[in-house]
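Structure record follows, encoded as structure tokens.
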Amino acid sequence: MSLAGRARVAVNRLALKFLQFPRPFILTGAGSSLALCREIANTGARRVMVITDRPLFDLGLVAPACKALADAGVAVEVFHDVVPDPAYEVVLGGVERLKRFRADAVLAVGGGSSIDCAKAILHCHANDAHPARLTGVWLYALPRRRGLPLYAVPTTAGTGSEVTIVSVVSDVQSRTKRPIIDPKLVPAMVALDPELMAGLPPHITAATGMDALTHAVEAYVSSLADEQTDVLARAATATILSQLPVAYANGRDLAARERMAIASSMAGLAFTRAGVGYVHAIAHQLGALYHLPHGLANAIVMPHVLDVSKGHCAVRLADLARTAGLAREGATDAALADAFIARIRAMNEAMGIPSRVKELRREDFGTIVRNAFAEAHGTYGVPRYLGKAEARALLEGMLP
Ligand SMILES: [Zn+2]
């Protein structure tokens, strides 16, 4: 990586010492989404736009929240146009609806795409700007107007979007995913309600859970990690390794669902400060090029990236192995790092997640490496920066 890139990461590290990001007030437990609706009404909001996706709406998952709001005297408008990896056009459509309805607050119900989309809609609405003008990593230093109050009910335990300063939107034209980053994107209040996650199919439970694990692990090995992100990342890792297999095997286990939801938020709080790394940088390209779901892409890429990075973060990976109860008497840090990576591979295999990307084509390597480096270098504090040849070799290992 260039000297300028290293300098940017160093400046970021320094800035983080003085920055505290806002955290939402978090309600947890079965029924907490309805309690959140009553709290929204208590704030004095009278016109709430609910942002979600069509499948969740058709499943009836949004109806209880809408009823709770209506019972509290709040007028409700549902915008259910969110699709996975929402494009600029979807965001602009939401801004239009928000204006027409004259909402005074927004409730996002759904996975990462719904919450990210709601954040982008509010940010574009408040700043009267096209999403393309608000994307970019360093723009949070610019003065931006705060959007309407945002409330969130995640229906997956994975992205952590309910607590982060990030919204990822898709630029269809350049086939890239673009981040909007601003502390003003953080929701005011969140409900982690396991009842809304009980019906999630096992393969989505697996992929979203591995996304949360990736946030915890990448935040922990990042050079931007600090004491507070370490505590969060270690706790999230331990919980996910023990609870994800339980939630995968029995989606109706509300205790496991709730613990996964809390772990996912903890991992979100960790990476909103410490950032992510090459796993995300590469997974974002696989999502943009082949529409691979974000969590699935991370799950596949993570062991490959950890294998090439472990020489520079063995102590940190060994910490995580100990946290997860994988420590063995007399084992070296290198051996524990290997045991941790092996555990991730075993979890993937047990949940039917492949070790390779069947859509991956060698002729796309140039684009993937260029865009992944553009995302990671100068932004993420990865333990070791790769050269192009090393990155291509890593991708070779993921070819079908
Ligand atoms: Zn992620």
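The values are calculated or read from the model by the stated rules, or taken from the named source; none is laboratory data. Note that the structure is predicted; figures quoted are calculated from it, not measured. Note that we place each Cβ from the backbone using ideal geometry, even for glycine, and neighbour counts take in every protein chain shown. Surface accessibility is based on the protein's heavy atoms, side chains included, excluding ligands, DNA and RNA. Shrake-Rupley method; radii C 1.70, N 1.55, O 1.52, S 1.80 Å.
Please pick out the residue among T28, T43 that is within 20 Å of the chain's Cα centre (by Cα) and open to solvent by 40 Å² or more (accessible area, probe 1.4 Å).
Just one listed residue meets the conditions, T28.
Any residue that is within 16 Å of the ligand (Cβ to nearest atom) and either open to solvent by less than 10 Å² (accessible area, probe 1.4 Å) or assigned by TED's automatic domain parsing to the domain that holds M210 (or both) - is there at least one of those in region 324-342?
The answer is no, given that none of the residues of region 324-342 is within 16 Å of the ligand (Cβ to nearest atom) and either open to solvent by less than 10 Å² (accessible area, probe 1.4 Å) or assigned by TED's automatic domain parsing to the domain that holds M210 (or both).
Does region 380-387 include one or more residues that are over 20 Å from the mean Cα position of the chain (by Cα) and part of a helix (DSSP H, G or I)?
There is no residue in region 380-387 that is over 20 Å from the mean Cα position of the chain (by Cα) and part of a helix (DSSP H, G or I).
Table: residues versus (1) surrounded by fewer than 24 Cβ atoms within 10 Å (Cβ to Cβ); (2) at pLDDT 95 or above; (3) under 24 Å from I368 (Cα atoms); (4) within 15 Å of the ligand (Cβ to nearest atom).
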{"position": "G199", "(1), (2), (3), (4)": "yes, no, no, no"}
{"position": "E218", "(1), (2), (3), (4)": "no, yes, yes, yes"}
{"position": "A235", "(1), (2), (3), (4)": "yes, yes, no, no"}
{"position": "S242", "(1), (2), (3), (4)": "yes, yes, no, no"}
{"position": "N250", "(1), (2), (3), (4)": "yes, yes, no, no"}
{"position": "A256", "(1), (2), (3), (4)": "no, yes, no, no"}
{"position": "A288", "(1), (2), (3), (4)": "yes, no, yes, yes"}
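Give the residues of region 99-119 that are in a helix (DSSP H, G or I) and either outside the structural domain of T164 (by TED's automatic domain parsing) or within 16 Å of the ligand (Cβ to nearest atom) (or both), sorted by residue number.
Within region 99-119, G112, S113, S114, I115, D116, C117, K119 qualify.
Regarding H280, is this residue under 13 Å from the mean Cα position of the chain (by Cα), part of a helix (DSSP H, G or I) and either away from the ligand (no atom under 15 Å from the Cβ) or in the same structural domain as V382 (by TED's automatic domain parsing) (or both)?
It is true that H280 is under 13 Å from the mean Cα position of the chain (by Cα), part of a helix (DSSP H, G or I) and either away from the ligand (no atom under 15 Å from the Cβ) or in the same structural domain as V382 (by TED's automatic domain parsing) (or both).
Kindly provide the set of residues from region 132-160 that are surrounded by fewer than 24 Cβ atoms within 10 Å (Cβ to Cβ), more than 16 Å from the ligand (Cβ to nearest atom), outside any helix (DSSP H, G or I) and not hydroxyl-bearing (S, T, Y), ordered by number.
G136, W138, L142, P143, R144, R145, R146, G147, L148, P149 - these are the residues of region 132-160 that are surrounded by fewer than 24 Cβ atoms within 10 Å (Cβ to Cβ), more than 16 Å from the ligand (Cβ to nearest atom), outside any helix (DSSP H, G or I) and not hydroxyl-bearing (S, T, Y).
Looking at region 1-20 only, could you name the residues that are surrounded by 15 or more Cβ atoms within 10 Å (Cβ to Cβ) and assigned to a loop (DSSP other than H, G, I, E, B)?
Within region 1-20, M1 is the sole residue that qualifies.
So which of V246, V315 ends up being more than 16 Å from the ligand (Cβ to nearest atom), closer than 22 Å to V9 by Cβ and surrounded by fewer than 20 Cβ atoms within 10 Å (Cβ to Cβ)?
V315
Name the residues in region 53-90 that are in a helix (DSSP H, G or I) and either closer than 17 Å to V106 by Cβ or open to solvent by less than 50 Å² (accessible area, probe 1.4 Å) (or both), would you?
Across region 53-90, the qualifying residues are L56, F57, A65, C66, A68, L69, A70, Y88, V90.
From the residues in region 296-308 that are crowded, with 24+ Cβ neighbours inside 10 Å and closer than 18 Å to Y220 by Cβ, which one is nearest to the ligand (Cβ to nearest atom)?
Once the filter is applied, the top-ranked residue is N298.
Could you say which residue among P187, P194 is in contact with a strand residue (DSSP E or B) (Cβ under 8 Å, 6 or more places away or on another chain), over 23 Å from I368 (Cβ atoms) and away from the ligand (no atom under 16 Å from the Cβ)?
None of the other options fit; the residue is P187.
Residues in region 356-363: is at least one open to solvent by less than 50 Å² (accessible area, probe 1.4 Å), closer than 26 Å to P400 by Cβ, outside any helix (DSSP H, G or I) and not aromatic (F, W, Y)?
Yes.
Where residues in region 261-277 are open to solvent by 10 Å² or more (accessible area, probe 1.4 Å) and in a helix (DSSP H, G or I), which of them is nearest to the ligand (Cβ to nearest atom)?
F271
State yes or no: is A129 assigned by TED's automatic domain parsing to the domain that holds A157, part of a loop (DSSP other than H, G, I, E, B), farther than 19 Å from M189 by Cα and of a type in the set (A, V, I, L, M, F, W, C)?
yes
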